[in-house]
1. Give me the 1.4 Å probe accessible area per residue for the stretch 242-320, excluding ligands and nucleic acids, in Å².
2. Of LYS255/LYS323; LYS72/LYS108; LYS165/LYS189; LYS273/LYS349; LYS303/LYS326; LYS46/LYS73, which ones are farther than 26 Å apart at the Cα?
3. Counting only the heavy atoms of the protein chains, how much of ILE298 is accessible to a 1.4 Å probe, in Å² to the nearest 10?
4. Using a simple spin-label model with points 7 Å from Cα along the Cα→Cβ vector, what separation in nm is obtained for THR362 and LYS165?
5. Multiplying the sequence separation of GLU174 and MET233 by 0.36 nm and subtracting their Cα-Cα distance, what value in nm do you get?
6. With the cut-off at 21 Å, report for the stretch 231-340 the share of all Cα pairs above it, as a whole percent.
7. What number comes out for the charge environment of THR285, summing +1 per Lys or Arg and -1 per Asp or Glu over other residues with Cβ under 13 Å away?
8. Of PHE88, PHE163, PHE335, which has the most accessible area and how do the rest follow, probe 1.4 Å?
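The values are calculated or read from the model by the stated rules, or taken from the named source; none is laboratory data. In this text, all values refer to a predicted model and were calculated from it rather than measured experimentally. Here the Cβ positions follow ideal geometry from the backbone for every residue, glycine too, while neighbour counts run over all protein chains shown. Ligands, DNA and RNA are stripped out before the accessible areas are found, and what is left, the full protein with its side chains, is counted by its heavy atoms. Shrake-Rupley method; radii C 1.70, N 1.55, O 1.52, S 1.80 Å.
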Amino acid sequence: MKFISVLLTQNTRNPLCILATASKFPSCEVLNFCGFSTYKHKRNIKDCYRILNVPDGCSADEVRDSYKTLAKKYHPDSGTTTANATTFMQIDEAYRELLTHLSNESKKAQILEEDEEKMSEYKIPQHRQYLNYEGVGFGTPSQRQRQYVQFRVDRATDQVLDFRKQKLERQYAENSMIAKDVKHSKKVKITQAIERLVEDLIQESMAKGDFDNLSGKGKPITKFSSCPHIDPMTHNLNRILIENGYQPEWIVLQKEIRETIDKLRQDLVASRKKLGDPMTSRQETQWTEIRETFREDITKLNKRINDFNLVVPLMSRQMVHFKVEKEISRAEQAFLTFKEEMKAANNSKVAEKMDSDRANPTEIFLNWINRLKNFRN
């Protein structure tokens, strides 16, 4: 231990007794406070590790954590059942000694590292030139220098080319912006010209009296919807367009798509019926060509479906793409159904004919006589 506390008696409170005590313990420090004298001697580092309950070679952070835990447990003011002033003083002394020891050890290690670095500076082989030239090249120092000079020339050339490329890209971007502005201005001019033309035609028609015989002339425009959240002008325009036979673009496009797919399906089924069953090798080649043509038509139709989905106002009205294999299998199924119906119809006709022949034996006999007479003639 670093210090040992000794309680002086009433006879040793004078300075002479204190000096006598100090002469008996030359390696101790004597302190006077309220009649108490403490003397402390050096502790062993292993005892410090044992008191703080930490392993040898631990770090300063582990020592601090252990000290905090033990202080909460043994501090006189902690209020716990294990509180003990003497034990806490031992823990505190061990903590300070151990921190001082760890600090000295770290300083010694740092000094050793610095000494090793200084010693290693003189042990480095004389190949420092290989650390220059940005690690470019190989061979002798003169060869590496020439290779590095060539590397710098190539790098400068690449940088010049990149600069020129960026400059051309900026010029192209500026030209494209100018072209877009010119195109936009032309579009605005064309739109304004069309609007002026339409306005002139309307005024000319009004002057001729083409609007005088309209059914709703002189009558107020009725509201299309009574909902206050809907623009009445827009709905009135829609009503006028509907009454005059106008249809929105998406409705017309949807109708065209449906008519096109119906026609393609009918043509495919008709082609399959025309080829018949079983098919020869030539007919199979024709059927393959028909399917390829049908595939191209379906691809074009799917593109029109994409255009339709972009203009349709409701998500529920959007259409999905048609699948070629599914349509071909549908055509094959339609052909098989048609084939079964034809077979059933032929069977029914044969059965009817047999029934009619069995029902009229007299007619059969007369027909046989007529055939015999014709054979003799």
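1. Working: 5650 Å² over 79 residues.
With the other protein chains kept in place, the stretch 242-320 gives 71 Å² per residue.
2. On the way: LYS255/LYS323 19 Å; LYS72/LYS108 33 Å; LYS165/LYS189 36 Å; LYS273/LYS349 21 Å; LYS303/LYS326 18 Å; LYS46/LYS73 22 Å.
The pairs that break the limit, which is 26 Å between Cα atoms, are LYS72/LYS108; LYS165/LYS189.
3. Accessible surface of ILE298 is approximately 0 Å².
4. That separation, rounded to one decimal, is 10.6 nm.
5. On the way: separation 59, 0.36 × 59 = 21.24 nm, distance 4.27 nm.
Going from the current span to full extension adds 17.0 nm.
6. Numbers: 3069 of 5995 pairs.
Here the tail beyond 21 Å accounts for 51 percent of pairs.
7. Working: positive: ARG282, ARG291; negative: GLU284, GLU289, GLU292.
Neighbour charge sum, excluding THR285 itself: -1.
8. On the way: PHE88 35, PHE163 120, PHE335 10 Å².
Sorted by accessible area, descending: PHE163, PHE88, PHE335.
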